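Report on the structure given below.
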2 protein chains.
Amino acid sequence: MIIDCHGHFTTAPPALGQWRERQIGGDRVSPDDLHITDDEIRAAIEGGQLKLQRERGTDVTLFSPGAGKMAHHYGDERTSLDWSRVSNDLIARVCALFPGRFVGVCQLPQSPGDALPTSIRNSVAELERCVEELGFVGCLLNPDPSDGYWQAPPLTDRAYYPLYEKLVELDVPAMIHVAMSRNPALQGTCAHYLNGDTAVFMQLCMSDLFADFPTLKLILPHGGGAVPYHWGRYRGFMLDQGRPPLEEAVLNNVFFDTCVYHKRGLELLLDVIPAANVLFASEMIGAVRSVDPETGRRFDDTKYVLDGIGTVDEAVYGANALRVFGRLEGALK
Amino acid sequence: MIIDCHGHFTTAPPALGQWRERQIGGDRVSPDDLHITDDEIRAAIEGGQLKLQRERGTDVTLFSPGAGKMAHHYGDERTSLDWSRVSNDLIARVCALFPGRFVGVCQLPQSPGDALPTSIRNSVAELERCVEELGFVGCLLNPDPSDGYWQAPPLTDRAYYPLYEKLVELDVPAMIHVAMSRNPALQGTCAHYLNGDTAVFMQLCMSDLFADFPTLKLILPHGGGAVPYHWGRYRGFMLDQGRPPLEEAVLNNVFFDTCVYHKRGLELLLDVIPAANVLFASEMIGAVRSVDPETGRRFDDTKYVLDGIGTVDEAVYGANALRVFGRLEGALK
């Protein structure tokens with residue numbers, strides 16, 4: 001079974017965006033005010049993600065709301081809570097309409113600044129709702145709810161511990177994923193996204209989070225940002241600091257996806273990171289949508305490139321995801 | 001001739017740090033108040049950078065003040081100006097004591113926030129002083145003078161244009177280099193440094209800066225952050241946006257150094273980026289100081305690793321630096 005662990009509902013029907021615009025505009029719009037028909041959802045998926053699944057020969061996509069659109073800096077805790085609910089409920093409908101093809105990963109109602117503790121409490125509740133009631137198998141966790149100004153403490157701060165306790169209890173992992181950047185110095189998909197991955201890897205290297213949560217599992221998307229390319233720098237840093245080796249400090253708990261959009265990059269990822277820590281993913285219809293003139297395939301067709309490498313451990317395509325997403329096998333039954 | 005284009009005076013005599021501590025503490029300490037003897041400088045260099053140059057067989061290091069220690073967020077414009085002068089003057093003394101071994105690259109007196117325009121004017125004057133009077137051949141340019149909170153406009157903003165005009169007029173390049181991070185979410189050398197490189201690459205991709213300054217040359221250190229590893233993502237982004245290909249948009253003006261501390265990373269850099277755009281560098285006695293147990297050499301001994309790759313274009317070691325640093329050949333006479 002080929003499992004794409006990183007997909008967002010980037011093709012959601014326009015009513016979702018209109019709901020959000022009203023909310024951002026200042027209306028206290030209710031999640032019940034979103035009206036999208038099953039046919040609209042089918043049209044969005046059948047012409048988009050499902051079509052690409054079939055063309056590429058992938059089986060399942062772990063599917064979450066649009067990451068950039070989480071935009072946690074808007075409004076207050078209630079803004080983020082309502083927006084998370086409406087977004088996650090829509091994902092649940094996709095999963096119900098296409099069983100076996102899409103499994104839910106939820107957005108959390110995070111908020112920056114003083115709202116952090118409340119928003120983590122809300123996130124715990126929303127995570128529990130999505131996993132227990134909607135059958136989701138993971139969540140997205142934003143390390144920068146200020147959306148480009150890095151105003152939050154590191155993810156290793158104890159403020160986040162209630163969330164980690166719940167993740168461990170439910171046996172679901174978090175994919176670390178920043179949302180949009182509203183900072184003109186930091187472009188979103190090709191700077192802030194990758195920088196978020198890199199920043200969090202260092203937060204984890206410098207902390208003992210996994211001593212406190214030995215079974216917590218975190219996924220760094222986008223091939224881990226800059227991390228595999230600079231693996232020697234990180235190995236050296238750990239030695240300089242008298243910290244344990246990376247294998248011991250992070251590789252029992254941290255996983256990298258394959259959203260690296262060229263063959264040389266994917267080869268490096270697979271050479272440097274143990275196969276057991278790599279999860280197949282494409283983020284299809286996401287950050288980069290063009291066709292690569294060098295391959296004639298879309299840049300996000302990572303399966304095509306991985307297949308071409310030829311030496312990829314089979315577990316990367318599916319078995320690793322089943323191991324990291326502890327509830328996935330049950331969700332697919 | 002083997003030219004290391006990226007070295008900082010990380011081993012400066014303690015009096016420099018003491019001067020800075022007094023300044024940060026609130027004293028209006030004068031650059032003339034720094035007292036370091038030639039013997040102290042010789043000791044710092046002979047047992048450090050010069051020793052490694054000899055051991056590794058490199059000839060020249062382009063030498064700048066400690067990058068993290070630039071710490072532009074402290075104080076006001078005058079704070080940064082005095083600190084830059086005292087730091088640059090010390091570099092000039094190193095270069096005078098070891099002619100042919102060290103050539104100066106200056107720190108600029110940048111400041112964040114409202115002080116930006118004044119600090120750019122001051123930077124233009126300090127750059128001119130360093131190049132015309134001290135024989136320096138380049139500068140460090142910090143894209144985040146707030147030191148970890150990304151409060152400045154992108155480097156493509158017109159606020160920076162007076163600096164670019166002077167760089168072009170003097171025929172000297174800028175190495176893009178953030179300073180310290182005071183943000184607990186962003187570790188300095190292994191997160192903020194790399195994120196700065198990645199962020200600026202995207203600023204350049206999205207702008208027409210090089211249409212306005214076709215001969216401006218910028219160096220992205222640390223192997224370009226995440227950029228070569230994600231080269232496909234950037235190629236795809238440019239297609240998505242209807243922008244020119246990377247070769248045309250940035251590769252006439254942007255260069256990557258070889259501060260990547262493992263063989264697989266350096267191989268990727270050299271496979272992906274044209275050899276004409278890669279400059280040998282080690283950042284020795286810098287971010288990572290340990291010995292790599294896999295090679296028995298220090299992580300920052302990039303020459304050893306590059307030599308082992310065997311297929312590296314000879315120009316990477318020196319000729320490219322002579323081309324990018326237009327005044328370097330003259331400075332070495």
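The values are calculated or read from the model by the stated rules, or taken from the named source; none is laboratory data. What you see is a predicted model; the values in this text were computed from it and never measured. Reconstructed Cβ throughout: ideal geometry from the backbone, glycine too, with neighbour counts over all protein chains shown.
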- Message: From the list B:E248, B:E283, exactly one residue is more than 9 Å from chain A (Cβ to nearest Cβ), farther than 21 Å from A:L268 by Cα and either assigned to a loop (DSSP other than H, G, I, E, B) or in contact with a helix residue (DSSP H, G or I) (Cβ under 8 Å, 6 or more places away or on another chain) (or both). Which is it?
- Response: B:E283
- Task: Please enumerate the residues belonging to segment A:232-277 that are in contact (Cβ under 8 Å) with a residue 40 or more places away in the chain and hydroxyl-bearing (S, T, Y).
- Result: A:T258, A:Y261
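Going by the conditions given, is B:D157 modelled with pLDDT of 95 or more, within 14 Å of chain A (Cβ to nearest Cβ) and either out of contact with any strand residue (DSSP E or B) (no Cβ under 7 Å at 6 or more places or on another chain) or over 30 Å from A:P153 (Cα atoms) (or both)? Before you say what the answer is, go through the steps one by one.
Working: modelled with pLDDT of 95 or more: yes; within 14 Å of chain A (Cβ to nearest Cβ): yes; either out of contact with any strand residue (DSSP E or B) (no Cβ under 7 Å at 6 or more places or on another chain) or over 30 Å from A:P153 (Cα atoms) (or both): yes.
So B:D157 passes the test.
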- Message: Suppose the filter is touching a helix residue (DSSP H, G or I) at 6+ places or on another chain (Cβ under 8 Å), farther than 28 Å from A:V200 by Cβ, not β-branched (V, I, T) and not in a loop (DSSP other than H, G, I, E, B); does B:L270 pass it?
- Response: yes
- Scan A:L194, A:L186 and give me the residue that is facing another protein chain (nearest Cβ under 7 Å), assigned to a loop (DSSP other than H, G, I, E, B), touching a helix residue (DSSP H, G or I) at 6+ places or on another chain (Cβ under 8 Å) and closer than 20 Å to A:L140 by Cβ. A:L186
- Note on the structure: Subset of segment A:169-179, residues assigned to a loop (DSSP other than H, G, I, E, B) and crowded, with 23+ Cβ neighbours inside 10 Å, comes to A:V172, A:P173, A:H177, A:V178, A:A179
- So which residues in segment B:45-64 are buried (at least 21 other Cβ atoms within 10 Å of the Cβ), in contact with a helix residue (DSSP H, G or I) (Cβ under 9 Å, 6 or more places away or on another chain) and either farther than 28 Å from B:I2 by Cβ or without any contact (Cβ under 8 Å) to a residue 60 or more places away in the chain (or both), if there are any at all? B:I45, B:F63
- Task: Mind checking which helices (runs of 4 or more DSSP H) fall wholly inside segment B:1-96 and carry at least 3 residues that are over 19 Å from B:C259 (Cα atoms), of a type in the set (D, E) and more than 21 Å from the chain's Cα centre (by Cα)?
- Result: B:38-46
- Look at A:P274 and say whether it is of a type outside the set (V, I, T), surrounded by fewer than 18 Cβ atoms within 10 Å (Cβ to Cβ), away from every other protein chain (no Cβ under 13 Å) and within 21 Å of B:L266 (Cα to Cα). yes
- Task: Please go through segment A:286-300 and pick out each residue that is in contact with a helix residue (DSSP H, G or I) (Cβ under 6 Å, 6 or more places away or on another chain) and either in contact (Cβ under 8 Å) with a residue 24 or more places away in the chain or away from chain B (no Cβ under 14 Å) (or both).
- Result: A:A287, A:V288, A:F299
